[in-house]
Structure formats: structure tokens, C-alpha cells
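Worksheet: the structure to be examined is printed underneath.
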Amino acid sequence: MEEKTSKVRTGTVNCMIAALIICLIAEAIGPLEFQVMGIDVRIMTMIWAIIIGILLSPHLLGKVIPALQKVISKPEIERSPFLLSMVLYPLGIMFGISAGPQIGVVFEAGLALVLQEFGNMGTMLIALPLAIFMGLGRSSVGATFSLCRDTALGITGDKYGLNSDEGIGTLGTYISGSIFGTLFYSFLAPISLMIGFHPYALAMASGMGSASMMQAATAALVNAAPAYEEQILAYSATSGLLTSVTGVYMELFLALPLANLMYKKLHRPIEGLRAKVFGKKA
């Protein structure tokens, strides 16, 4: 018992030290900025923290540098989901404290901004069957029941645990969204304006993700439509506020139960189809 407690304590301390060092290195590197076909692309510093964290895994650099396994090994990997959950609770409290006094904005924003939260359920209509077909199993629920930003991590972490299939699915989408989302938004803004989308609609969409993703999306949109800068910032901020206020309830009481229902009804026929396409060993 004492040995197990000692491992838990050591794993917790090592995780906190590693997280601090990784964050300092990521901040020292700063955001990555470049242009592709005249389009400004800005990747937030969080990308470096994700990459460094992946590289420090015992399955990657740990194999090359055995000394790393004394700091990042199985105890640290087992503790990290619990520590992440602890970090998400203050984040949820912060959302409530910051959004509560401005609840009037929700009622003044209009029907379009309120109904945008149904987009959380719209994502799963396509993504959930596709994820099942790809063989993700129960991870499909966590990966597709929402946009998988900060609030979704808190919900799946509290309901299933981040080391569960559902938690891994949410975390996987969160990370991939942080890596590829900035690139996607940078190209989406100018292309969407070219095909006729209004800057206000795109600004509303920019606020659906986390704070870092909203910043990246609005920066790309402002760069593509500088004449609407003030309006874009106002709409994206209101959208972000609504997402933090109403999104968590939409995800918890509507989107997640619907995702579970869809998985229950669809996983057997889709997995049967997958077996026919790829063979029973797929």
C-alpha cells in the first residue's frame, strides 16, 4: 500500500514538473506564423506543448533516451488523466463566473446565435457513423458528440473518466482539432467569403471552439475581411460566451444522450458493413 502511494505521489510530482517545463519551452518558442498562397496562418503555442508531450512518451524518446523513463513512465501516464480533470474543474468555474453576469447577452443575441448550439448535435450525424465505420468503437461517442473543446473534456472526464474509451475519443479530437483546426480556419475564412458566406456568420462560427481556437479563427477572418473587424470581434465574442453558457448543457443533456442512442442503434449494422468491406479481421 505504501509503495503504491509512493508511486502515485511521485507520478503526480513528475507530471506537474514536466508540464511546467513543457509550458515554459512552448512559450519561449512562441506561435508559428507563415503564409500559404498569400493566406496568413498562425499556429498557437499550444501546438508545441502537444508535440513535446508526445515526444516525451516512453514509447518514443523514452526508448532512445532511457533516462527519460525515470521521469515520464507508466505512473505518470496513469496520473495524467486525473490531473487533467482537476484542471478542468477550475476552468468550468471560470466559465460560470465570467458568463453569469453577462447572461443578458444571451437573450439579446437573437435566435440565430442561440440555435447555433444545435451544431453540437449536427456534427455527430455524419461523424459518428463514420467513426464507427473506421473501427473506433465506443471512442466514437466521445469523439463526435460535440466539437470536443474544453467543456466536452470536462463532461467525458467526469462521466466516464479521461482514460476510458469515451474520454480517449474526446481527447483525441481535442488534440487533432488544436493541431489541424488552426490550419483549417486559416483557409476556411477567405474561401468561405469568396463563395458568399457573410462575415457575421463566419464570426459566429469562430466562437464555437475554445478560446485559443476562437483567437486563431477571428484573426484569419479579420485578415480576410478587415472592414468588418469590430463586428467580427463582437459576434465571435458573443458566440464564445454562448458556447460556454449554453453549450455545456446542450452537450450534457441532449448531444451526449443522442450520441449514445445513435451508437446503440448503429454500431452493429455499421460494424457488419465494415467487416464485409475490410474482411472479418479488419
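So the values come out like this:
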item: Subset of the range 184-231 [touching a residue at least 24 places away in the same chain (Cβ under 8 Å), of a type outside the set (Gly, Ala, Ser) and under 23 Å from Leu32 (Cα atoms)]; result: Tyr185, Phe187, Leu188, Pro190, Met208, Met213, Met214, Gln215, Leu221, Asn223
item: Filter result for Ala205 (aliphatic (A, V, I, L, M) and surrounded by 20 or more Cβ atoms within 10 Å (Cβ to Cβ)); result: yes
item: Meets criteria (modelled with pLDDT of 80 or more, aromatic (Phe, Trp, Tyr) and over 19 Å from Leu266 (Cβ atoms)) for Phe107; result: no
item: Residue satisfying all of: in the range 136-151; at pLDDT below 80 and under 15 Å from Gly122 (Cα atoms); surrounded by the fewest Cβ atoms within 10 Å (Cβ to Cβ) among these; result: Leu147
item: Close pairs (8 angstrom Cβ cut-off, 6 or more residues apart or separate chains): modelled with pLDDT of 70 or more and surrounded by 13 or more Cβ atoms within 10 Å (Cβ to Cβ) in the range 35-62, of a type in the set (Phe, Trp, Tyr) and part of a helix (DSSP H, G or I) anywhere; result: none
item: Filtered residue count, the range 226-276, keeping only those that are surrounded by fewer than 19 Cβ atoms within 10 Å (Cβ to Cβ) and of a type in the set (Gly, Ala, Ser); result: 5
item: Residue identified as at pLDDT 75 or above and either in a helix (DSSP H, G or I) or under 19 Å from Thr238 (Cα atoms) (or both) among Ala189, Ala216; result: Ala189
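The values are calculated or read from the model by the stated rules, or taken from the named source; none is laboratory data. Computed from a prediction, not measured in an experiment: that's the story for all the values here. Ideal geometry is used to build each Cβ from the backbone, glycine not excepted, and the neighbour counts take in all protein chains shown.
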